Amino acid sequence: MQAIEQEVRQFVVENFLFTAGDSQFSDTDSFLETGLVDSMGILNLVEFVRGKYAIPIDDEELVPEHWDSVRQVAEFVQRKLGGLSHQRVDPGTS
Amino acid sequence: MNTSAVFSSRVLEIDPSNLANEIERGIREIVLRRFRRKGAVVALSGGIDSSVTAALCAQALGKDHVLGVLMPEYESSEESLRFANLFAEAIGIPSLVENIGPALEAVGCYHRRDEAIRKVIPEYGAGWKSKIVLPNLVEGSHYQIFSVVAQSPTGEVRRARLTPDAYLGIVAATNFKQRTRKMLEYYHADRLWYAVAGTPNRLEHALGFFVKNGDGSADFKPIAHLYKTQVYQLGKFLGVPEEILRRPPTTDTYSLEQSQEEFYFSLPLDKMDLCLYGKNNGVSAEEIGSVVGLTADQVKRVFTTIDSKLRATVYLQSPPQLIQPVDETRGPGH
């Protein structure tokens with residue numbers, strides 16, 4: 001989980017922080033409230049997560065509860081990966 | 001600042017005669033005295049905003065000093081052209097038609113847009129139609145992320161969430177339409193020594209529902225301070241034809257019919273008007289919700305969307321940024 005959190009944080013720093021010294025945001029800071037990530041940014045973040053972790057993301061999952069901070073994104077990815085792993089090892093799952 | 005005691009569904013009612021006079025005075029001041037131009041060019045879309053803009057210009061400057069330019073393309077609705085002609089005849093201003101389809105084709109507007117769509121719907125091609133849509137803002141807390149809705153020649157409908165590349169590609173290609181129209185407006189303005197009127201209402205102007213250097217560009221914007229419901233009130237007063245008054249606002253930008261609500265505002269425009277007005281005047285979400293029929297949480301979601309659009313609009317509204325000011329260009333008397 002820590003590795004995922006670092007990777008997500010790195011993506012946010014590289015793509016949304018354009019001013020040196022602006023990396024002073026915590027992993028729980030709200031993207032919406034801080035204005036750190038706008039709607040175009042969320043689109044890029046979703047695409048990053050989808051591509052990097054090879055997880056499907058439903059429209060219903062595009063809500064702030066999953067995407068509004070580094071921590072929330074990492075937890076979401078962790079849950080999805082855990083769910084996918086469970087499906088892969090269960091021979092009864094179609 | 002307005003107080004919650006006077007906030008109601010009637011808060012946007014106007015005295016159309018007084019308002020029209022005030023705007024007409026402003027048009028004369030800007031066009032004739034400030035810019036020293038002889039008249040105004042107005043792009044007529046067949047919708048309420050351009051109709052009201054042209055009607056105000058005609059009253060202010062005289063009918064013979066307003067040119068209506070109708071600019072259909074291969075995907076615009078025939079109804080738009082018909083309504084625009086209807087309006088020009090009703091008001092009595094000179095008008096002409098410039099079909100921008102060939103220009104758009106030449107610059108690759110349609111081809112580039114289709115290529116972008118194929119990034120998410122690979123089979124999209126000749127004979128297909130499309131539009132991009134947002135999720136409903138009040139039915140859930142979903143991010144406002146666009147999807148493309150496409151219809152095959154046989155009527156099958158496909159929907160796909162847009163990737164960043166696909167979304168930006170579609171928007172960039174489609175923006176050719178607004179920018180090509182603006183190019184022609186300025187051609188006519190230059191040859192006639194007229195000024196170009198922009199036609200956005202307050203929702204559009206404030207929340208960035210325009211294309212930078214496309215329909216966002218103009219010499220003056222006489223109704224940019226008016227809420228949509230106020231534009232309708234003025235339209236009725238100024239004698240805009242009933243068919244135009246009744247027509248639902250459309251973008252008329254995509255080959256599938258697309259409302260402004262599903263493309264940008266995610267809420268019926270009359271409710272969006274009241275939410276924006278309430279927010280601008282410090283009215284609580286609870287109070288606004290009780291008037292427009294939404295919960296306080298839903299209104300707060302609307303507020304968040306408004307704030308997000310206001311931030312995005314900074315780029316759209318900004319003139320060219322200079323590294324250092326150039327005092328000579330600030331005009332006489334500086």
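The values are calculated or read from the model by the stated rules, or taken from the named source; none is laboratory data. Predicted, not measured: the structure shown is a model, and the values here were computed from it. No Cβ is skipped: glycine too gets one built from the backbone with ideal geometry, and neighbour counts run over all protein chains shown.
Do we find that B:V302 is touching a residue at least 12 places away in the same chain (Cβ under 8 Å), over 20 Å from A:E33 (Cβ atoms) and among the β-branched types (V, I, T) in this structure? No. If you check B:S76 against the conditions, is it at pLDDT below 95 and surrounded by 15 or more Cβ atoms within 10 Å (Cβ to Cβ)? Spelling it out, B:S76 is indeed at pLDDT below 95 and surrounded by 15 or more Cβ atoms within 10 Å (Cβ to Cβ). Only one of the numbered conditions (1) more than 23 Å from the chain's Cα centre (by Cα); (2) touching a residue at least 12 places away in the same chain (Cβ under 8 Å); (3) within 14 Å of chain A (Cβ to nearest Cβ) is not met by B:G127, and that is (3). With respect to (1) surrounded by fewer than 21 Cβ atoms within 10 Å (Cβ to Cβ); (2) within 24 Å of B:S255 (Cβ to Cβ); (3) among the basic types (K, R), the lone exception for B:R113 is condition (1).
Determine whether region A:63-85 contains at least one residue that is at pLDDT 85 or above, of a type outside the set (S, T, Y) and in contact with a strand residue (DSSP E or B) (Cβ under 9 Å, 6 or more places away or on another chain). Looking through region A:63-85, none of the residues is at pLDDT 85 or above, of a type outside the set (S, T, Y) and in contact with a strand residue (DSSP E or B) (Cβ under 9 Å, 6 or more places away or on another chain).
Looking at region A:38-86, which of the residues that are facing chain B (nearest Cβ under 8 Å) and among the β-branched types (V, I, T) is nearest to A:F16 (Cα to Cα)? The qualifying residue nearest to A:F16 (Cα to Cα) is A:I42. Note on region B:97-107: residues that are surrounded by 13 or more Cβ atoms within 10 Å (Cβ to Cβ) and either on the phi > 0 side of the Ramachandran plot or of a type outside the set (V, I, T) (or both) total 6. Within region B:138-195, the residues that satisfy the criterion of being within 9 Å of chain A (Cβ to nearest Cβ), in a helix (DSSP H, G or I) and either within 23 Å of the chain's Cα centre (by Cα) or buried (at least 20 other Cβ atoms within 10 Å of the Cβ) (or both) are B:Y167, B:L168. For region B:265-334, the helices (runs of 4 or more DSSP H) that sit wholly inside it and include 3 or more residues that are within 14 Å of chain A (Cβ to nearest Cβ) are B:296-317.
All of B:V240, B:V231 fail the test of being in a loop (DSSP other than H, G, I, E, B) and crowded, with 17+ Cβ neighbours inside 10 Å, apart from B:V240.
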